[in-house]
Each structure stands twice: as C-alpha cells, then as structure tokens.
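The values are calculated or read from the model by the stated rules, or taken from the named source; none is laboratory data. None of the values given here were measured: they were computed from a predicted structure. Note that each Cβ is placed from the backbone with ideal geometry, even for glycine, and that neighbours are counted across all protein chains shown. We work out accessible area using only protein heavy atoms, side chains counted, and drop any ligands, DNA or RNA first. Shrake-Rupley method; radii C 1.70, N 1.55, O 1.52, S 1.80 Å.
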Amino acid sequence: MERSTGSNMQIQGQRTHSTAIVKVQQEPSIKIEPTVGGQLLRKLFQIIFFVQLFLISILVIVLTIRGLIYAGSTDRFHPKKWYPPLLVSTASAGIVSFIWQSITFHCPSKAIKAVFWFTPLLTCAVGVLHILIGSPLSLAAGTIAILSGVIQSLYACWVNSRFDYASKILTVSTSAPPYKTTTFVIVSIITCLVYSSFSVTGIGGATATGTSLDIAFIVVILLSFLWSMQVIKNMLYVTISRIRYMNFACGVDINTRAAFHDTVKHLVGSVCIGSAIVPVIGTIRGSARAINLVAGDNDEFLFSCADCYSGFASTLITYGNRWGFVHVGVYNKGFIQASADTWEMFKRVELISLIDSDLTGVFCFLSGVAVGSICGIVGGTWELIIHKGYATEVSIYAFLIGYFMCRIALAWQQASVSAYYVSYAENPQSLRFDATIPVRIEQLH
C-alpha cells in the first residue's frame, strides 16, 4: 500500500510537471534530464542516423547519375520502363493512405471489418501476380504471399469477436484529434513521397548495372529506407501520443507544432533507438505467440521449447514496446526506460491481457499490408505488361513503399490509442475515462 501511494505521488508529480510544460510553450518544453549514459546513447544513435542518411543520399545520387549514363549506352536498362510504374505506385500509396486514414477516423467499425476481410484477398492477389510473372524469385514471393493470405483469413475468423472492442477503443481515443492533425498527416505523407521517390532513383541506378556490388548497394538502400520510414512514423507517434496523453490525463491541450518542435529538438535519439528495436522485438514476440499457439500442450518437448522462447520474448518486450513512446514524448525518458516503466505499469494494473488482445496494432499492420498490396499490384501489373523482367522487383519495392506510407498515415490514430491506455493505466479512477476498458476487462475475466 505504501509503495502504491509513492508511485501515485510520483505520477502526480510528473503530471504536474507536464502541465507546467504546456503553460510555458515559448521556453524549452521538456526539462527532465536523462542520465549521462542515456544522453550518450541517444546522441550516438542520432549521429548514426543522420550520418547514414547523408551517406545514403550521396550513394543514391551517384548511382542515379551512373545508371542514367549507363542506360544511354546500352539496351540492358530502360529507365522509361522501370521508373514510371514505381513512381506511379508511390503516388498511389500516398493518395490511398491519406484516404484510408480518413475513412478509419470517420468509420472505424467498418474500416476494421474491411481490413480483416479484404487484406487476405489482396495479399493472395499479389501472390497470384508473382506466380504469373514466373521467375524463381517471384514464385517464392508468390507462394509466401498466398500462404500469408490464408493465415490472415484464418486469423480474421479467430479474432472476429474482438472487432467491436477494437472499434470502440479506436473511436474513444481519436474522438478529439489534435489541432491541424490533417495538415500534419499530409506533410508527413508528402515527406515520405519525396524520400521514397529519391530512394527509388538510387535503386534504379543500381539495377542498371546489376553487379554483385550493386545488389549490396540495393540492400543497403533498402535497410536505410526501412529505418528512416520507421523514424518518420515514430516521430509522428511520439508527438501525437504526448498531445493525447496530456488531454486524457490532465485535460490540457498542447499545440501540435510546439509538440513536434520538442520532438525534433529533444527526442530524435530516443526515437531512432525505438525505431531500431521495436520492429525486431515485435517480430520475435509475434513469432513466439504463433509458436505457442501451434505447440499447444500435446508434445511436452515442443511445448517446453515454445514456453522457453515465449519467456525470452516476454523479457524483451519489457524493454522495447511501442507504448514506451508515450513516456518518451511526455517525460523525455530514454526509450528503454520508458518501455520498462510503461510495461511495469500495465502489469501493476493488470492490463497485460487486455493489451495483448487489442486489435488496433494488428489493424494498422494489416492496413499497411493492404495498401502495400494495392501498390504492388499496380506496379507489378504495369511491368508485367510492358517489361516482364522488372515486374518482380518493382512489385516488391512498391509493396514496401505502400506499407510504410499507410503506417505513417495511421500513426496518429495508433498513437492516440497508446496514449489512452497509458494514461488510463496511470489513473484508472479518472473521470475522464468512460467504461470502455473496465467493461472489456470484465469480459476477459
């Protein structure tokens, strides 16, 4: 009881500090100082991120120029057949992503049902496209896509009973979006369109010659692209989650531009760390849950291995989860510390089972897969008609761009849900929350 009282006092103190932050917007907003080790780690990741971005930019420019020169002297590479389908797919990704986040905001219930039932069909359609292309790589990609589509459809049937709660929590948490959220989303999408198009030109330049070194260049560009898109998404995530948390916890509104300025000025290092850690840990935990489901308790040896792997994944998730981004934005904590604190808080108020059963994260993931599939079909079909040899790679690149574009467009809604959970966990008795979570907890019990 004494420990609980102390924790509550600490939380209230942090909230008071956060409220004071809002009242003095013209001064440096985030004043909680991290440890020396934490500062060094943040600065290191921030430097690594910007250095790799600079080096990749130089590499892309060199590869683009070299590819265009090479294309003028040989018939091996045709820029007019390679670039237009991919650039049109990139533009389609931006348009569809913006429209989809708007549909999700206005009709969350219909959006959730549509994603869970149509994404498997779109994924299978991509698989059929790759099988029609017929190359060894496309056959492998097509087989994986079709199997993935079947698994997605089975999963949709399994979690059908959770759709109502997912739509309720999404509706409640996004009912009052931050000021100029639409502008913020549009700017983020345009930034991603420019960055994606720039990366595509470099990949095209490397494709022009196609040596072993060029393949390595393509892999490096793609890895940089994946990390950079995660950072863009999580910058938006941290900004919006801080605004929504302050509204849920304290009833205070923060200016969106000021919150984003704070994120850029103080939190880039933490965001870079989280952007590198969360996808890896999320993949490990997802695979652990899938293995547990398959293993069951029939085979003692298999169950034992699955249980061991699940324990490992559960330990990792404590130190790297997306809910930690809320405390990163609100309290200027290091990402690992923020993740550990939020997860411990979820355990303390017995929210883990609710968090694990929540479908909003899966909804955002499947939305990304759906938009990525649409873009992959657009680019791949175009190339299949005009130049079959480019169809596989263009379809894959278009899929990745569409996936991340949609995730970035939906980041503000996922951030709002996370802020709702974290602020509720800190003070479940607050009158600012309705009965959505308590009723769901009772149903789970």
Inset, instruction - Tell me which of these ARG257 doesn't satisfy, since it passes every other one: (1) in contact (Cβ under 8 Å) with a residue 24 or more places away in the chain; (2) surrounded by 18 or more Cβ atoms within 10 Å (Cβ to Cβ). - result: (2)
Inset, instruction - Could you please let me know if VAL349 is aliphatic (A, V, I, L, M) and at pLDDT 95 or above? - result: no
Inset, instruction - Could you name every one of the helices (runs of 4 or more DSSP H) located completely within the stretch 358-445 that has at least 1 residues being surrounded by 23 or more Cβ atoms within 10 Å (Cβ to Cβ)? - result: 360-386, 391-409, 411-426
Legend entry - Restricting the stretch 208-245 to residues that are surrounded by 24 or more Cβ atoms within 10 Å (Cβ to Cβ) and of a type in the set (Ser, Thr, Tyr), the residue that is nearest to SER418 (Cα to Cα): SER241
Inset, instruction - Filter the stretch 312-331 for residues that are more than 16 Å from the chain's Cα centre (by Cα) and under 13 Å from TYR421 (Cα atoms) and give the result. - result: HIS327
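Okay, residues lined up against (1) of a type outside the set (S, T, N, Q); (2) on the phi > 0 side of the Ramachandran plot; (3) part of a helix (DSSP H, G or I):
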| residue | (1), (2), (3) |
| --- | --- |
| PRO178 | yes, no, no |
| VAL187 | yes, no, yes |
| TYR195 | yes, no, yes |
| PHE198 | yes, no, yes |
| THR201 | no, no, yes |
| LEU213 | yes, no, yes |
| MET229 | yes, no, yes |
| ASN234 | no, no, yes |
| SER241 | no, no, yes |
Legend entry - Condition met for VAL126 (touching a Ser or Thr at 6+ places or on another chain (Cβ under 6 Å) and within 25 Å of LEU193 (Cα to Cα)): yes
Inset, instruction - Could you tell me whether PHE365 is of a type in the set (Phe, Trp, Tyr) and within 17 Å of ALA114 (Cβ to Cβ)? - result: yes
Inset, instruction - Go through the residues of the stretch 408-415 one by one and say whether even a single one is within 18 Å of LYS168 (Cβ to Cβ) and free of Cβ contacts under 8 Å to residues at least 60 places away in the same chain. - result: no
Legend entry - Selection from the stretch 371-398 of residues that are under 17 Å from ILE203 (Cα atoms) and aromatic (Phe, Trp, Tyr): TYR390, TYR397
Inset, instruction - Mind telling me which of the residues VAL349, VAL326 ends up being among the aliphatic types (A, V, I, L, M) and buried (at least 21 other Cβ atoms within 10 Å of the Cβ)? - result: VAL326
Inset, instruction - Please work out which residue is farthest from ALA249 (Cα to Cα), limiting yourself to the stretch 155-169 and to residues that are of a type outside the set (Phe, Trp, Tyr) and open to solvent by 10 Å² or more (accessible area, probe 1.4 Å). - result: CYS157
Legend entry - Top-ranked residue of the stretch 298-323 - restricted to ones that are open to solvent by 80 Å² or more (accessible area, probe 1.4 Å) and not in a helix (DSSP H, G or I), ranked as modelled with the highest pLDDT: TYR319
Legend entry - Hey, ILE99 at pLDDT 95 or above, of a type outside the set (D, E, K, R), open to solvent by 40 Å² or more (accessible area, probe 1.4 Å) and more than 30 Å from ALA249 (Cβ to Cβ) or not: yes
Inset, instruction - Could you tell me whether any residue of the stretch 179-200 is free of Cβ contacts under 8 Å to residues at least 40 places away in the same chain and open to solvent by less than 30 Å² (accessible area, probe 1.4 Å)? - result: no
Inset, instruction - Scan VAL128, VAL96 and give me the residue that is of a type in the set (A, V, I, L, M) and free of Cβ contacts under 8 Å to residues at least 40 places away in the same chain. - result: VAL128
